[in-house]
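The values are calculated or read from the model by the stated rules, or taken from the named source; none is laboratory data. This one's a predicted model, so the numbers in the text were calculated from it and none came from an experiment. Virtual Cβ from ideal backbone geometry, glycine too; neighbours counted across all protein chains shown. The protein model used for the area step is the full one, side chains on, heavy atoms only, and it has no ligands, DNA or RNA in it. Shrake-Rupley method; radii C 1.70, N 1.55, O 1.52, S 1.80 Å.
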Amino acid sequence: MAPIQKTIVSPVSRAATRSQFRRKTLPMTVPRIFLTHPYIRLASTMVPKLKDPSLFKQHVCYVNGEWIKARSGKTFEVNDPATGELIGTCPDFDAQDTENAIAAADAAFEPFRKTTGRSRSKLLRKWYDLMVENADDLATLITWENGKPMADAKGEVTYAANFFEWFSEEAPRIYGDTIPSSTPGNRVWTIKEPVGVCGLITPWNFPAAMITRKIGPALAVGCTVVCKSPGETPYTSLAIAELAHRAGVPAGVVNVITALDNTPEVGKVLTTNPTVRKVSFTGSTPVGKLLMRQCSSTLKKLSLELGGNAPFIVFDDADVDAAVAGAIISKFRSSGQTCVCANRIFVQRGVYDEFAAKFAAKVRDFTVGNGFDTSVTHGPLIHHRAIDKVDQHVRDAESKGATILVGGQKMPDLGPNFFQPTVIGNMTTDMAMASEETFGPVAGLFPFDTEGEVVQIANATSVGLAGYFFSRDLARVYRVAEHLEVGMVGVNTGLISDPASPFGGVKESGFGREGSLYGIGEYQVTKMVTYGGMGLPLQK
Ligand code: SIN
């Protein structure tokens, strides 16, 4: 790579940085989230008002069609990332609780696999309808436990429900093949069968969409599931389980369990119990590798959607305004906490200054605060560990000569989990952000000179989930799309997620596809039947 020249875009002083954001600090006497969202008082704690309060499931998990506690009675606390206040408690399921949920899913499997695709389609459709009807409450739960602004939470509910709609339309269309045999008189055909009981392990960054993306195809083909929801955001998945119950999903077909301290033992059971035939996990690469090792003991079918380090490339021939808009959505969606967020923004030198100035101006316009405040565009990060990582990346870049254009600081006046949306210019490949996923609201701009150089740097990473680029040159579009070592490419867009599109990565971003026709295959096994008794001539 050619040495990177520093491109001049005026840096901001730290003092200026501190005051440049609209921030929503609220009076200390009133809990911050109460000002713009209706609240009711429940027991000793204040909770956001749900239209249907029975969707807020405390102390219980959904197993075999019933709401049950952990056998030990042990619970863990869930806190609002914006305020730090207690939301409630959930059961800390242990190994035996998990075995029981697997047994329920196993008992439900035989009758469920025999149902028709059409009836499973109707179930998923009903569940979809209930999610749409209860969208406001689901969004409230998402904002409460995850922190993302209500508008984003509502967008997530639509995205999540759409997986049920999409897979409800696939359920009646599960086809096998007929195959010409090499042996005269033989006939070969295939049957697509449900793989069996599935263990699904989902992350906190999309409390609704990651669970529906896995359950939708599993149910469409006739599998039953045990879903371990994330310790940070269990309530959305429990509300979705309640809607499954109302939709008439048979007992044991969908089981949703929670754990925090016991997460490793729950994960161990889901990945080693021989009854579980498939595991699907979305999360970090190190945990994915651990689960894969554990799954090897019983050779389970496995889908892993793991970490990314997405390149976002802006070529000189791009529509710069469109590229800025694409980078904003790709980088700052969910405050940078998605696996497909742009992690390294490469800008060709001819448009670097223009892009950096326009991009920084947009980020300066963000409003940071509690997601229940409708004027807030960006909420808190999920917890303090996330803040520490983001801060380390910024300090590392700064110490190695990068220029902070916007932000760069924690926002303690809002709470311990807030960080200023940040833009850093003149990044170089020796900085931590070049090789590690930031998973936060920090955009690093790397100037570059040539197409060959940038594709080489973009691919110089062990992971390959998403990649994006902006160009108006059609030949370049084909060339670069084909050369990027990723599972998904966004060309002239920063948003690629869609239930109809195959989502997944290459290299250490994992394998398997979610959503789309390919997502169905992840929950099936292909059984081949050879019929050898035909004889050739017609009987006289
Ligand atoms: C993820 O972050 O894992 C999923 C993001 C998406 O579906 O867009």
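Kindly evaluate SER497 against the criterion of being under 19 Å from LYS278 (Cα atoms), within 16 Å of the ligand (Cβ to nearest atom), surrounded by 13 or more Cβ atoms within 10 Å (Cβ to Cβ) and among the hydroxyl-bearing types (Ser, Thr, Tyr). Taking the combined requirement at face value, the residue does not satisfy it.
Exactly one residue out of THR422, THR367, THR403, THR338 is in contact with a helix residue (DSSP H, G or I) (Cβ under 8 Å, 6 or more places away or on another chain) and of a type in the set (Ser, Thr, Tyr), and it is THR422. Residues in the range 500-510 that are closer than 18 Å to ASN309 by Cα and not in a strand (DSSP E or B): GLY504, GLY505, GLU508, SER509.
Being in a helix (DSSP H, G or I) and of a type outside the set (D, E, K, R) holds for only one residue in VAL454, VAL486, and it is VAL454. Can you confirm whether ALA466 is within 14 Å of the ligand (Cβ to nearest atom), within 15 Å of the chain's Cα centre (by Cα) and modelled with pLDDT of 95 or more? Taking the combined requirement at face value, the residue satisfies it. Among the residues of the range 48-64, just one is surrounded by fewer than 17 Cβ atoms within 10 Å (Cβ to Cβ) and touching a His at 6+ places or on another chain (Cβ under 8 Å), namely LYS49.
Cβ contacts < 8 Å: first residue acidic (Asp, Glu), restricted to the range 174-203; second residue in a strand (DSSP E or B) and open to solvent by 30 Å² or more (accessible area, probe 1.4 Å), any location; separation 6+ or different chain. Result? Listed by first residue and then by second, the contacts come to ASP177/TRP189; GLU193/VAL525; GLU193/THR526; GLU193/LYS527. Would you confirm whether any residue within the range 501-519 is closer than 30 Å to ARG395 by Cα and open to solvent by 60 Å² or more (accessible area, probe 1.4 Å)? Taking every residue of the range 501-519 in turn, at least one turns out to be closer than 30 Å to ARG395 by Cα and open to solvent by 60 Å² or more (accessible area, probe 1.4 Å).
Counting only strands (runs of 3 or more DSSP E) that sit wholly inside the range 136-236, not one has at least 3 residues that are among the aromatic types (Phe, Trp, Tyr) and more than 23 Å from the chain's Cα centre (by Cα). State the number of residues belonging to the range 511-540 that are assigned to a strand (DSSP E or B) and more than 12 Å from ALA220 (Cα to Cα). So the answer is 9.
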